[in-house]
Amino acid sequence: MTPIRSGKGRRTALFVALVATAVLAGVAVLWPPKPKAVTVPPGAKAGEVFLTPCEVKMGSAAHAADCGTLVVPEYRGNPASRLIAVPVQRIHSPALHPAEPIFYLSGGPGESNMDWMPTAWLLAAHDFVKVCYRGVDGTPRLDCPEFSAAAHGFGGDLLGPESLRLIGQAAGVCAERLQAEGVELRGYTIPETVEDMEAARAALGYERINPLSESYGTRVAQIYAAMHPRSLWRSAMIGVNPPGHFVFLPKTIDAQIEHYAELCRKDASCSARTSDLAASMRKVGRSMPKSWMGLPIDPGKVRTVAFAMLFHRSTAPIVFDAYLAAERGDASGLALMSRAYDFIMPNMMVWGEFMAIGCSADYEPGRDYRAELTAPDSILGSPMSEFIWFSAPRHWLPLLMPEEYRKARPTDVETLLISGSVDFSTPAPFARLELLPYLKNGQQVVIAEQGHVDDFWRYQPEAARRLLTSFYDTGIADNSLYKYLPMDFKPSLRLPLLAKVLLGVGIVLFLALGIAVWIVVRLVRRRWIAAR
């Protein structure tokens, strides 16, 4: 953060106003408290599960559940490995004879698998089971405060050479510290996570399960099918991530923005502001101002926040609006995005687990990531990949998982791939071209103008219900309730406008504070004079 020079009250007010803007705009992340540490019960053995009855609130209704702990080895490749504890929760179906249970596999990596609550219709015929992701919800937790601190960036450009060098250095410091604390990092890979799920399945007494996976969780489901195909019945994947795609390439991101540009030409409100959305974004990216009203604009932070917000159809128009305003000389929205980054990224996830999983799954030694990801003529580049893949992975090299799980493998598990046509994180063609050919009993449903996972649950929920329940019940994915939902380019939140409004509020508050201080000083002086 650029220091605010003394005597510049307006800059202080701007700073306060824009921080408040970031929070009030809903751009900042509200971090949940860290989960309580769980411990291995005395005398416990690997594979044992310890459960007690509990209740889980879903909306206003309470559902009977079991809550507890699964005991597993930290690294199964080492017979002397210590035991660790991972939380488990099973929500009971009200059905007398439930069908195969649904095992939930959330997105990430670096995010909890325990937070999301299912909709009631998922429980109608199935128990719903959540097993924590080791390194996130259980003990130990692979926090990396060194990396979080470095993730604020250096030198005014988060993605500049010196900043990326120091971020990579912090990743190495974190890896060394975790190992010095006794963490066996080789145990934090997707195959080990799969074995946790399999241990829970066996301990809970289920013959087969139905995985419901999202984003990163779809990779867990793919490897589960490769390792234990007889344990799975029907697997539904939302936002499918085939092997290799923890790395985002600039050409892919550019193609997605070009697709949005085509949709923009068909939309009256968008086409009225630009004849070529992609060209407008490229222009702003090349000539991004360094500040707005004295507040620094970090181009790397702007690009990173923009990329994250392009994941969903509800937030993508907010990005386009800010860029189009900047093209006309109003960079306030970009300044807000730059400021908001510091609330979003540094503490967004458990970085140690993120790097352990991502690098062990997709890192390729000898690959020139800098050459592939550096694209000066790109519209947006690949900010998230630049942030991670330039320098951090080399510190996690011992974690590479077996080659057989680093590529797609044939399976006859019944599998449903659900993709959105404007999904920036997991583009639909990847699933169709790189995974579907390996699925003997696979099918893909592409939902037009839908983005990443959250869009599936948010838009056309009855169609989503029919799609999933028909697949789990019969193996046939019924998408007949889906209707074409055109892309709406009108932003639900205008960052430039909100920045100016809260800028005014910040200035008023700053002036009010100054007046209050002046009044207090006057009162104290009068009493002091009277006392004399």
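The values are calculated or read from the model by the stated rules, or taken from the named source; none is laboratory data. Predicted model only: the values in this text are computed from it and were never measured. Here Cβ is always computed from backbone atoms with ideal geometry, including for glycine, and neighbour counts include all displayed protein chains.
Some values worked out for this structure:
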read-out	value
Filter pass, Ala236 being buried (at least 20 other Cβ atoms within 10 Å of the Cβ) and either more than 29 Å from Leu83 (Cβ to Cβ) or free of Cβ contacts under 8 Å to residues at least 40 places away in the same chain (or both)	yes
For Lys45: the one exception among (1) more than 17 Å from His126 (Cβ to Cβ); (2) surrounded by 15 or more Cβ atoms within 10 Å (Cβ to Cβ); (3) out of contact with any Cys (no Cβ under 8 Å at 6 or more places or on another chain)	(2)
Candidates Pro191, Pro211, Pro140 - the one that is at pLDDT below 95, on the phi < 0 side of the Ramachandran plot and of a type outside the set (Phe, Trp, Tyr)	Pro140
Some residue of the stretch 172-184 being within 21 Å of Ala150 (Cβ to Cβ), of a type in the set (Gly, Ala, Ser) and touching a residue at least 60 places away in the same chain (Cβ under 8 Å)	yes
Residue within the stretch 391-399 that is assigned to a loop (DSSP other than H, G, I, E, B) and surrounded by fewer than 19 Cβ atoms within 10 Å (Cβ to Cβ) present	no
Matching residues in the stretch 316-336 - criterion: being part of a loop (DSSP other than H, G, I, E, B), surrounded by fewer than 24 Cβ atoms within 10 Å (Cβ to Cβ) and touching a residue at least 12 places away in the same chain (Cβ under 8 Å)	Asp330
Wholly enclosed strands (runs of 3 or more DSSP E) of the stretch 28-134 bearing at least 1 residues farther than 25 Å from Thr218 by Cβ and either in contact with a helix residue (DSSP H, G or I) (Cβ under 6 Å, 6 or more places away or on another chain) or without any contact (Cβ under 8 Å) to a residue 60 or more places away in the chain (or both)	49-58, 61-73, 83-91
Verdict on Leu166 being in the same structural domain as Asp362 (by TED's automatic domain parsing), in a loop (DSSP other than H, G, I, E, B), within 17 Å of Trp389 (Cβ to Cβ) and touching a helix residue (DSSP H, G or I) at 6+ places or on another chain (Cβ under 7 Å)	no
Where Arg409 falls short, out of the listed (1) surrounded by fewer than 22 Cβ atoms within 10 Å (Cβ to Cβ); (2) in contact with a strand residue (DSSP E or B) (Cβ under 9 Å, 6 or more places away or on another chain); (3) touching a residue at least 40 places away in the same chain (Cβ under 8 Å)	(2)
Candidate set from the stretch 273-283 (those that are surrounded by fewer than 22 Cβ atoms within 10 Å (Cβ to Cβ) and either touching a residue at least 60 places away in the same chain (Cβ under 8 Å) or among the aliphatic types (A, V, I, L, M) (or both)); member that is nearest to Phe387 (Cα to Cα)	Arg282
Single residue of the stretch 299-314 satisfying the filter (in a helix (DSSP H, G or I) and aliphatic (A, V, I, L, M)) that is farthest from the chain's Cα centre (by Cα)	Val302
Answer from Thr474, Thr415 - the residue that is farther than 28 Å from Lys251 by Cα and either among the basic types (Lys, Arg) or touching a Gly at 6+ places or on another chain (Cβ under 6 Å) (or both)	Thr415
Residues within the stretch 207-263 that are out of contact with any helix residue (DSSP H, G or I) (no Cβ under 8 Å at 6 or more places or on another chain), among the charged types (D, E, K, R) and either within 16 Å of Phe430 (Cα to Cα) or in the same structural domain as Phe307 (by TED's automatic domain parsing) (or both), tallied	2
Single residue of Val56, Val72 found to be of a type in the set (A, V, I, L, M), in the same structural domain as Glu195 (by TED's automatic domain parsing) and at pLDDT 95 or above	Val72
Glu353 vs. criteria touching a strand residue (DSSP E or B) at 6+ places or on another chain (Cβ under 6 Å) and either of a type in the set (Ser, Thr, Tyr) or within 28 Å of Glu404 (Cβ to Cβ) (or both)	yes
Output for the stretch 171-188, where each listed residue is crowded, with 24+ Cβ neighbours inside 10 Å and out of contact with any Asp or Glu (no Cβ under 9 Å at 6 or more places or on another chain)	Ala175
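Matching residues to (1) within 17 Å of Pro211 (Cβ to Cβ); (2) hydroxyl-bearing (Ser, Thr, Tyr):
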residue	(1), (2)
Gly442	yes, no
Asp454	no, no
Arg465	no, no
Tyr472	yes, yes
Ile476	no, no
